[in-house]
């Protein structure tokens, strides 16, 4: 019985060619870079819920627009003029300061589509007031 070595060589060659002829998988694209808090904040937000000391308050028509140039504009039916000024984060980016303070808005939630801010204030008319503001797009 004669053994056909040519057939074995051909089979090995065919195996090697098929093994190395495949291109490697395309590299997976990098996942999208997470937005910074500044990028998340700098949008035109609509007030969708406001509570003062736990009681719901009217919200219709109130907006605030934060820009990347660190300015803001607030509009609403009870504001006699639109309020404008500057904004900044504290060093931990956990609070937003308007016009350099002293009021500090605690950032409870900040996503692409939702922002919740709280502030505790004391006034001579109302006493201690805790405000919670929920914004959407």
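Residues to consider are 71, 130; find the one that is surrounded by 12 or more Cβ atoms within 10 Å (Cβ to Cβ) and under 24 Å from residue 35 (Cβ atoms). Even if it seems obvious, please write down each step before you answer.
Values: 130 fails: under 24 Å from residue 35 (Cβ atoms).
After applying the criteria, what remains is 71.
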### Summary
Filtering the stretch 49-68 down to residues that are farther than 23 Å from residue 102 by Cβ, loosely packed, with under 15 Cβ neighbours inside 10 Å and in contact with a strand residue (DSSP E or B) (Cβ under 6 Å, 6 or more places away or on another chain) yields 49, 63
### Query
Residues of the stretch 110-131 being touching a residue at least 40 places away in the same chain (Cβ under 8 Å) and not in a strand (DSSP E or B), which ones?
111, 112
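Read the figures in this text as sums done on the coordinates, not as results from a lab. Treat the numbers as computed from the prediction; the structure is a model and nothing was measured. As a convention, Cβ positions derive from the backbone with ideal geometry for all residues, glycine included, and neighbour counts pool all protein chains shown.
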